[in-house]
1. Consider residue 30 against the criteria (1) at pLDDT 95 or above; (2) farther than 27 Å from residue 232 by Cβ: it satisfies all of them except one. Which criterion is unmet?
2. Looking at residue 13 and the list (1) at pLDDT 95 or above; (2) more than 16 Å from the chain's Cα centre (by Cα), which single condition is not satisfied?
3. Between a residue in segment 96-114 that is within 15 Å of residue 181 (Cα to Cα) and any residue that is exposed (fewer than 13 other Cβ atoms within 10 Å of the Cβ) and modelled with pLDDT of 90 or more, which pairs come within a Cβ distance under 7 Å, given they are 6 or more apart or on different chains?
4. Counting only residues that are touching a residue at least 40 places away in the same chain (Cβ under 8 Å), in a loop (DSSP other than H, G, I, E, B) and farther than 23 Å from residue 53 by Cα, how many does segment 155-195 have?
5. Taking the condition of being assigned to a loop (DSSP other than H, G, I, E, B) and without any contact (Cβ under 8 Å) to a residue 40 or more places away in the chain, how many residues in segment 136-154 meet it?
6. When you look at residue 61, is it modelled with pLDDT of 95 or more, in a helix (DSSP H, G or I), surrounded by fewer than 17 Cβ atoms within 10 Å (Cβ to Cβ) and touching a helix residue (DSSP H, G or I) at 6+ places or on another chain (Cβ under 8 Å), yes or no?
7. Could you figure out which of (1) at pLDDT below 95; (2) surrounded by fewer than 13 Cβ atoms within 10 Å (Cβ to Cβ); (3) not in a helix (DSSP H, G or I) isn't true of residue 49?
């Protein structure tokens, strides 16, 4: 019950950011050097946010907005050389330590997203949810390119978010001082990974804990809801892009898959 009351507080304050972070995006000076635009695989994190790009919740308008996005001054870019390893079954990539350090430096330039979002992130931090990288990257758009061409995109979003995002999201965690990105085809609340493995079978969802090692209990209805989301037509569409054999071949050729 205590966990649900705390989670309810997060959901209540989340509504505040809808009016608090619009119009907050500025254009800082260019910062980091980035991989060549024609590299085989590129993950581009934009400086803009979900609001400023007017991405919405539905897949087609969101992809259209991302395809038109200005990539001349991204927040962060990672190529295959910046990836230490990829886990195809879990749909995750782990950045190298230098790439993680570069990401951390880039995130220091992030502008405030408004009182609503900042208040939400502060509350989640106080409650023990998430990690610093996840909180700063919250609702930042990303784009995945292969051979310089737009493949798909989405936003960074934490597992406890109530946003009904119906296109890809990335969860962020940290392991051994390295950033780990988990790609989900659509937002599945309380799921840190795509609920389906590489064979299309439902994986056993791990228990979620806050920083105080207290398990975050979720009702059974969430499992049923996430099952429906994970098998939706939109999820199937984007899962095929996330797990594209071309991307797998690039990672295998570079010796990145485990």
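1. Among (1) at pLDDT 95 or above; (2) farther than 27 Å from residue 232 by Cβ, residue 30 violates only (1).
2. (1)
3. 97/177; 100/177
4. Total satisfying the criteria: 3.
5. Summing the residues that are assigned to a loop (DSSP other than H, G, I, E, B) and without any contact (Cβ under 8 Å) to a residue 40 or more places away in the chain in segment 136-154 gives 1.
6. Here the answer is no, as residue 61 does not meet what is asked.
7. Of (1) at pLDDT below 95; (2) surrounded by fewer than 13 Cβ atoms within 10 Å (Cβ to Cβ); (3) not in a helix (DSSP H, G or I), only one is false for residue 49: (2).
Here is a yes/no grid of residues against (1) modelled with pLDDT under 95; (2) closer than 29 Å to residue 44 by Cβ:
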residue	(1), (2)
170	no, yes
190	yes, yes
206	yes, no
223	yes, no
236	no, yes
239	no, yes
245	no, yes
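The values are calculated or read from the model by the stated rules, or taken from the named source; none is laboratory data. Fair warning: this is a prediction, and the values are worked out from it, not measured in the lab. Positions of Cβ are generated from backbone atoms using ideal geometry, with glycine treated the same way; all protein chains shown enter the neighbour counts.
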